[in-house]
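Asker: Encoded as structure tokens, here's the structure I'll be asking about.
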Amino acid sequence: MIGFPQLAAAQVFLLILSVIWFLRRDDELPLLVSGVLLYCSSYRFWAVTSGLDDWVKIWQFALSPVTEDKALQVLGYIVLGQTLLIGTYMYRQKHVLHMSNSIENPDLLRWLRPRIVIISLVSLPLVMLARIIAEAELVKNRSALEISSYLLLFPFALIGISILNIALWKAGGYRLLGYKVIGALILLYVAYLTFGPNMRFQFLGWMAGAAIIIAMNNTRKNRLIILGSAAVLGIAAFALAGSMRVNASRVNEASNPALERFVTANDANMLDGFVLLEQVYPDRLDYTWGMDHLEILLRPIPRSLWPNKPVGGYANRLGFNDYDEGSTGISPSLFGSFYAEGGIVGIVVLSIIYGAGLAKIMSYTIRLQPFACLILRAVVCASLVPMLRGGDIAGSYAWIGMAYWPCILLLWWKRKSLRIISTPAVVRPSRLQYRTP
């Protein structure tokens, strides 16, 4: 078994390699993946083993406590998956992802601006109404399983709408003060919607997407400063949101509960969750062998039409959760979800597939006009944060679909206008290979 110093050094090396990759390719995706996983795995292991925090305690009646040896073993699985995912991505992503100009075609902006503003303004009252109905149903039924997921997830559409507004603003579509005020109000409401104990991963992902758009078309030094500042702000907000659910006695023990949760990585306990999941597969449940990903296609079917539709997550399948009393879950990281699909084989195969798939999507962005490029890169990177959290794969994709369908719909609707006719050449990393028509 490889020791913790070697595993931590491997993740630090991947982070440094990702910084170099960013400076050479203007590609922030490996940097995002490496930074999140370093904090959620190696740093979490160090924080607990140094006495700053304890391993999570949940389902003690059914699962063994998390131990240092088991956590070290699982950390090795995460480093394996991370190395394969980033390595495959860097091998397949051949381009410099930079835009020579973020100012879009004026005719396209004139077409986009009124439609995005109208969609945004119409969505605001609909989202408020959906939240009121969902909260009333939750009080009445006391179980989220009895409420339509479409109703629960509909408010997330404002996240996609916020990405559209930020991208339109960046592309030069909001030159008048009135449009800027409307855009700012929409962004403030989205921040309010996603800031809370149960939504902090989505909030962090949304901030990542916004930071990527804002930093675009700046010098590499300025981009690093912007992305670094956004990371600090995002982590601080993430910890503050987590501290909001701490009970009063706990708050009294700590002078700054948000800072304490950040230092101990208390909210980034995916390493703990992976240890718990590793006890389940394959001893209590068989590996799913791709069925968790196939469930992505089945999840949109309403339970009203399919009452016996299988539930997602091993805790639900084993009956650990009592929804009359509330439920608690510990996410196992994306590589924990891969492990549930097929053990170490699942981690290896799916990490390679995901790395190649992400490389294909990010490489495709240089074939798009600036506005579409901004949207697609922001959506991919923002989606990665909740995806790296892992857990219910189909649920994560459902969240992404409900959050970013406005962006996907608009990209498909104007797909001919948003594509670049000429094909960019494969890069030599020292020079930009982006062409405007």
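Asker: Against the condition more than 18 Å from the chain's Cα centre (by Cα) and at pLDDT 80 or above, how does LEU259 come out, does it pass?
Answerer: Numbers: more than 18 Å from the chain's Cα centre (by Cα): yes; at pLDDT 80 or above: no.
No: the conditions fail for LEU259.
Asker: So SER333 passes all but one of these: (1) on the phi > 0 side of the Ramachandran plot; (2) over 19 Å from the mean Cα position of the chain (by Cα). Which condition number does it fail?
Answerer: Status for SER333: all satisfied but (2).
Okay, residues lined up against (1) buried (at least 20 other Cβ atoms within 10 Å of the Cβ); (2) assigned to a loop (DSSP other than H, G, I, E, B); (3) out of contact with any Asp or Glu (no Cβ under 6 Å at 6 or more places or on another chain); (4) at pLDDT 90 or above:
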residue	(1), (2), (3), (4)
LEU224	no, no, yes, no
VAL263	no, no, yes, no
LEU277	yes, no, yes, yes
LYS309	no, yes, yes, no
ASP324	no, yes, yes, no
PHE338	yes, no, yes, yes
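Asker: Can you name the residue in the range 178-198 that is of a type in the set (Ser, Thr, Tyr) and surrounded by 14 or more Cβ atoms within 10 Å (Cβ to Cβ) and, of all such residues, is modelled with the lowest pLDDT? Steps first, please.
Answerer: Applying the first criterion (of a type in the set (Ser, Thr, Tyr)) to the range 178-198 yields 179, 189, 192, 194.
Filter once more, so that each one left must be surrounded by 14 or more Cβ atoms within 10 Å (Cβ to Cβ): 179, 189, 194.
Details: TYR179: 79, TYR189: 79, THR194: 71.
If we take residues in the range 178-198 being of a type in the set (Ser, Thr, Tyr) and surrounded by 14 or more Cβ atoms within 10 Å (Cβ to Cβ), then THR194 is modelled with the lowest pLDDT.
Asker: Is there a residue being in a loop (DSSP other than H, G, I, E, B) and either within 30 Å of PHE22 (Cα to Cα) or modelled with pLDDT under 85 (or both) anywhere in the range 235-243? Walk me through how you get there before you give the answer.
Answerer: Going through the range 235-243, the residues in a loop (DSSP other than H, G, I, E, B) turn out to be none.
Within the range 235-243 (the criterion being in a loop (DSSP other than H, G, I, E, B) and either within 30 Å of PHE22 (Cα to Cα) or modelled with pLDDT under 85 (or both)), the answer is no, since none of the residues qualifies.
Asker: Pairs please, first residue from the range 114-126 and more than 17 Å from ILE166 (Cβ to Cβ), second anywhere and surrounded by 11 or more Cβ atoms within 10 Å (Cβ to Cβ), Cβ atoms under 9 Å, 6+ apart in sequence or on different chains.
Answerer: Hits for this filter: LEU126/PHE154; LEU126/PRO155; LEU126/ALA157.
Asker: With respect to TYR77, determine if the residue is buried (at least 20 other Cβ atoms within 10 Å of the Cβ) and assigned to a helix (DSSP H, G or I). Please lay out each step first, then the result.
Answerer: Numbers: buried (at least 20 other Cβ atoms within 10 Å of the Cβ): yes; assigned to a helix (DSSP H, G or I): yes.
Criteria met by TYR77.
Asker: Oh, and also: Could you figure out which of (1) crowded, with 22+ Cβ neighbours inside 10 Å; (2) touching a helix residue (DSSP H, G or I) at 6+ places or on another chain (Cβ under 6 Å) isn't true of GLY391?
Answerer: The single condition GLY391 does not satisfy is (2).
Asker: Moving on. Can you pull out every residue in the range 209-220 that is at pLDDT 80 or above and outside any loop (DSSP other than H, G, I, E, B)?
Answerer: Those that are at pLDDT 80 or above and outside any loop (DSSP other than H, G, I, E, B): GLY209, ALA210, ALA211, ILE212, ILE213, ILE214, ALA215.
Asker: Looking at PHE156, PHE203, can you tell me which residue is of a type outside the set (A, V, I, L, M), under 16 Å from the mean Cα position of the chain (by Cα), farther than 24 Å from LEU31 by Cβ and assigned to a helix (DSSP H, G or I)?
Answerer: Numbers: PHE203 fails: farther than 24 Å from LEU31 by Cβ.
Within the list PHE156, PHE203, the selection yields PHE156.
Asker: Is it true that some residue in the range 136-146 is modelled with pLDDT under 80, in contact with a Gly (Cβ under 8 Å, 6 or more places away or on another chain) and surrounded by fewer than 18 Cβ atoms within 10 Å (Cβ to Cβ)?
Answerer: No, the range 136-146 has no match at all.
Asker: Which condition number in (1) under 24 Å from GLN11 (Cα atoms); (2) of a type outside the set (Lys, Arg); (3) surrounded by 13 or more Cβ atoms within 10 Å (Cβ to Cβ) is the one that ASP69 fails?
Answerer: Answer for ASP69: the failing condition is (3).
Asker: I've got another one for you. Go through (1) in a helix (DSSP H, G or I); (2) modelled with pLDDT of 80 or more; (3) aromatic (Phe, Trp, Tyr) one by one and return the number of the condition TRP55 breaks.
Answerer: TRP55 satisfies all of (1) in a helix (DSSP H, G or I); (2) modelled with pLDDT of 80 or more; (3) aromatic (Phe, Trp, Tyr) except (1).
Asker: Out of all the residues in the range 297-306, is one or more at pLDDT below 80 and either within 23 Å of CYS40 (Cβ to Cβ) or charged (D, E, K, R) (or both)?
Answerer: So far as the range 297-306 goes, yes, one or more of its residues are at pLDDT below 80 and either within 23 Å of CYS40 (Cβ to Cβ) or charged (D, E, K, R) (or both).
Asker: Taking PHE371 as the residue in question, decide whether it is among the hydrophobic types (A, V, I, L, M, F, W, C), over 21 Å from LEU409 (Cα atoms) and either crowded, with 20+ Cβ neighbours inside 10 Å or under 20 Å from the mean Cα position of the chain (by Cα) (or both). Before the answer, list the steps.
Answerer: Values: among the hydrophobic types (A, V, I, L, M, F, W, C): yes; over 21 Å from LEU409 (Cα atoms): no; either crowded, with 20+ Cβ neighbours inside 10 Å or under 20 Å from the mean Cα position of the chain (by Cα) (or both): yes.
Taking the combined requirement at face value, the residue does not satisfy it.
Asker: Also, I was wondering about something else. Within the range 279-307, track down each residue that is under 21 Å from ILE344 (Cα atoms), surrounded by fewer than 18 Cβ atoms within 10 Å (Cβ to Cβ) and either within 25 Å of the chain's Cα centre (by Cα) or among the hydrophobic types (A, V, I, L, M, F, W, C) (or both).
Answerer: Scanning the range 279-307 gives LEU285, TYR287, TRP289, GLY290, MET291, HIS293, LEU294.
The values are calculated or read from the model by the stated rules, or taken from the named source; none is laboratory data. The structure displayed is predicted, hence computed values, not measured ones. Every residue, glycine among them, receives a Cβ derived from its backbone with ideal geometry; neighbour counts consider all protein chains shown.
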